[in-house]
């Protein structure tokens, strides 16, 4: 059901944009949506010069790979060529590179890492005619109160937008798969840094696992690195040694999966659908689909507007998805996951649906309520059942 | 078995001919560019376009030259840090870690002293605190090197990893002094306004560039003209002679290493008063400290040449970075060209130090027999 929904969305998007790309020559089949968008954008995207700044390389089979898939779709849909700049270190060299892109006439620039925020805002301020999009960012962090360079929120360049998504939705679903696959109820989580994004994912995963096994616990091991195969492997092995029989992760490599596979444990991946890395261990993975956002943003810029909101995607708009299932996820569990996904997508359920208690048993989300977006974005506590400290 | 009838023989030169000192580095760079051109041709890119773009983006446009000088500000400091230690045959491989401590020391001063002093006083204090923190980080390696002869190569390198963990610790630990208290995002706490310099106009170049030039000049003068520099030279030429001359090698070792550490720490503090204004955990991925070793090697540890090699290397990096922006050349090509130039420059050393000739095998055997 979930898959159908997503597929349906993708088809609809493809149909609409396909028509656009054809220039609406076949007027009889044009939908109203396509017509409105067409009048905004036309079928001429020659004024659109799109560039993307990558923190890594597109073939990392992880974070950057997933963005690359979205960019490839953007190129195919609009028939444009996107400039890629790879392996760009965060900091003032990134500023020089983005400045160079803007000077070369690129008027829509995506940057795919949190650390690009300050340099990107500086370049955006100098190039008011360009549109700048900061993945995983949050504009309020650029205010001086938060340690940034702008006195007030209003001083932040208006041609800067951010985009990210509710990975917690897919995390919750992957937790269901993990909880159902674990005979002992002892799960492990190899986690990068004690920051809200990661903490949110651990909590959602735990709540998902507890939805099928109320006694399930999740032990966390911090690696303090996004990309560190050796450290990730050590963390994974320590969790396995402590008795975990399913491992999840918030990392950029498959090291956790290989470690789990070596001892016959199960694995929930992240970022990409890489079942082939360890087919026996694979359960599923929360993954990203950046294509819809890249396409809609490019169309908006072609139509003369620069989205400058904090865009928070979800399973409903297709930015967050769940990967394919491994052989050890049984039919019943797949059905349960599909039902839950449908409930998340139609809004009748949310991963942090109250009541939710923290590690000490204090109620952090009251019954029948959901946390505000800002509470989600700043989450700094672990829910009941997580073993470890959210302080790292 | 097939025998190769020729053999290459390396004979150490007593004295390097003066013309070679200039000719070899020049020929090395040309050889590297030639090698790079072959590589570019083989992969389907135009060497002329690539080099023209690299040169323009690194040296010949407003943004290019200012970005190059901005990057060289830090690399000159870490470069003299490595080269200065090498004056006494000490290898400070841990400039990277001392730079991290410079970030911490500089940020500490910039936050703790608050916004009370004028910039003209505040910035030197921040720089000084960064330098002191860098010196403190190398103190233990310096002490055990001078007393026990423990390899400073290993100890300074290993301390770099501890320094990286320390940076992560001060940013990712809640309630850390260096972390912004208003958000649960791991953001560094910004230093006082008086501890931040403005860049020149629309460029990313900060006045700290001139501090780096002055420091480079001062170190050159110290080594060439002062009694301290004289002691360094005597010790590095002959520790035994230095001992007989009554020079305290232990104490000099410690001082040289402390100064070397301070220079890398200073580089870190320059990032605080310049472009960053706070501890940014991503700085530990930039490798400016390690690049300093390369800059020193390119200058053959000659303190008078560090400014040149620092600017040259920065230009290559800036131009290489921009290759991706202005052309379709992949990042790997830019990195490969930087590596090739370094490799050839270092390889060229062999021609400076050794007289190299190709001889027939019989002659070589005869030579060996004669020895």
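Readers should treat all values here as calculations from the given coordinates under stated rules, not as data from a laboratory. In this text the structure is predicted, and so the values were computed from the model without any measurement. All Cβ positions, glycine included, derive from the backbone under ideal geometry; neighbour counts span all protein chains shown.
Set the Förster distance to 41 Å, then compute FRET efficiency between residue B:12 and residue A:59 from the Cβ-Cβ distance, nearest 0.05.
About 0.30, to the nearest 0.05.
Show me B:38-47, A:70-79 ranked by packing, highest mean number of other Cβ atoms within 10 Å first.
Descending mean neighbour count gives A:70-79, B:38-47.
Could you work out the equivalent-ellipsoid semi-axes for chain A, taking the square root of 5 times each eigenvalue of the Cα gyration tensor, largest first, in whole Å?
In descending order, the three semi-axes are 36, 24, 20 Å.
Determine, for B:123, A:274, the number of other Cβ atoms within 10 Å of each Cβ, and report the residues in order from fewest to most.
A:274, B:123
In whole Å, what is the distance between the alpha-carbon centres of segment B:17-32 and segment A:335-392?
Using only Cα atoms, the two centres lie 66 Å from each other.
In a Gaussian network model over chain A where Cα atoms closer than 10 Å are linked, find which of A:205, A:114, A:193 has the largest mean-square fluctuation.
A:114
Do you know the relative contact order of segment B:97-207, to the nearest whole percent, from alpha carbon pairs under 8 angstrom that are 6+ apart?
Computed over segment B:97-207, the figure is 33 percent.
Mind checking the mean number of beta-carbon atoms from other chains within 10 Å of the Cβ atoms in B:166-173?
For this peptide, the per-residue mean of nearby foreign Cβ atoms is 2.
Report the gain in length on full extension from residue B:198 to residue B:60: 0.36 nm times residue separation, minus Cα-Cα distance, nm rounded to one decimal. Numbers along the way, then the final one.
Numbers: separation 138, 0.36 × 138 = 49.68 nm, distance 2.34 nm.
Taking residue B:198 through residue B:60 to full extension adds about 47.3 nm, to one decimal.
Want the number for residue B:147 to residue B:350: 0.36 nm per residue separation, take away the alpha-carbon distance, what's left?
Roughly 69.8 nm would be gained on extension.
Given a Förster radius of 22 Å and the C-beta distance between residue B:230 and residue B:250 as r, what FRET efficiency does 1/(1 + (r/R0)^6) yield to the nearest 0.05?
0.80
Go ahead and estimate [θ] at 222 nm for the protein assembly as shown from helices alone: -39,500 (n - 2.57) per DSSP H run with n ≥ 4, summed, over the residue count, rounded to 500.
Per the formula, -17500 deg cm²/dmol.
In whole angstrom, how long is each semi-axis of the equivalent ellipsoid of the protein assembly as shown, when you take the square root of 5 times every eigenvalue of its Cα gyration tensor and sort them from largest down?
50, 31, 28
From the Cα gyration tensor of segment B:210-360, with a ≥ b ≥ c the square roots of its eigenvalues, which class applies: rounded if a/c is under 1.5, or else prolate if a/b is larger than b/c, or else oblate? Working shown, then result.
Numbers: a/c = 2.68, a/b = 1.30, b/c = 2.06.
Note, shape of segment B:210-360 comes out oblate.
So how do B:226, B:66, B:150, A:256 line up by other beta-carbon neighbours within 10 Å, fewest first? Intermediate results must be reported in sequence, preceding the final value.
Numbers: B:226 11, B:66 20, B:150 14, A:256 34.
So the ranking, lowest neighbour count to highest, is B:226, B:150, B:66, A:256.
Once you place label points 7 Å from the Cα toward the Cβ at residue A:238 and residue B:20, how far apart are they in nm?
5.4
Nearest-5 percent of antiparallel DSSP beta bridges in the protein assembly as shown?
Percentage antiparallel, nearest 5: 25.
Rounded to the nearest 5, what % of DSSP beta bridges with both residues in chain A are antiparallel? Don't jump to the answer; show the numbers that get you there.
On the way: 6 of 45 bridges.
Taking every DSSP beta bridge within chain A, about 15 percent pair in antiparallel fashion.
For chain A, what does the relative contact order come out to in percent, with C-alpha contacts under 8 Å and a separation of six or more?
Taking the mean separation of contacting Cα pairs over the length of chain A, I get 17 percent.
Of B:112, B:296, B:133, which is the most mobile in a GNM of chain B whose springs link Cα atoms less than 10 angstrom apart?
B:112
Calculated FRET efficiency, residue A:359 and residue B:162, Cβ-Cβ r, R0 35 Å, to nearest 0.05?
Given R0 = 35 Å and the Cβ-Cβ separation, E is 0.70.
How far apart, in nanometres, would the label points at residue A:391 and residue B:243 be if each is projected 7 angstrom from Cα along the Cα-to-Cβ direction?
For the pair residue A:391/residue B:243, the computed spacing is 5.3 nm.
Tell me whether segment A:87-140 comes out rounded, prolate or oblate; compute the Cα gyration tensor, take square roots of the eigenvalues as a ≥ b ≥ c, and use a/c under 1.5 as the rounded threshold. Each step should come with its number before you reach the end.
On the way: a/c = 1.65, a/b = 1.24, b/c = 1.33.
Taking the square roots of the gyration eigenvalues as a ≥ b ≥ c, segment A:87-140 is oblate.
Can you give the average number of partner chain beta-carbon atoms within 10 Å of each beta-carbon in peptide A:93-106, as a whole number?
Details: counts 9, 2, 3, 13, 6, 1, 6, 11, 4, 1, 5, 3, 0, 1.
The per-residue average across the peptide is 5.
Going by Cα centres, segment B:155-212 and segment A:69-89 are how many Å apart?
33
Going by Cα centres, segment A:193-265 and segment A:279-330 are how many Å apart?
So the separation of the two Cα centres works out to 22 Å.
Percent relative contact order of segment B:259-371, based on C-alpha pairs within less than 8 angstrom and at least six residues apart? Walk me through the numbers before you get to the answer.
Details: 37 pairs, mean separation 16.8, N = 113.
After rounding, I find 15 percent.
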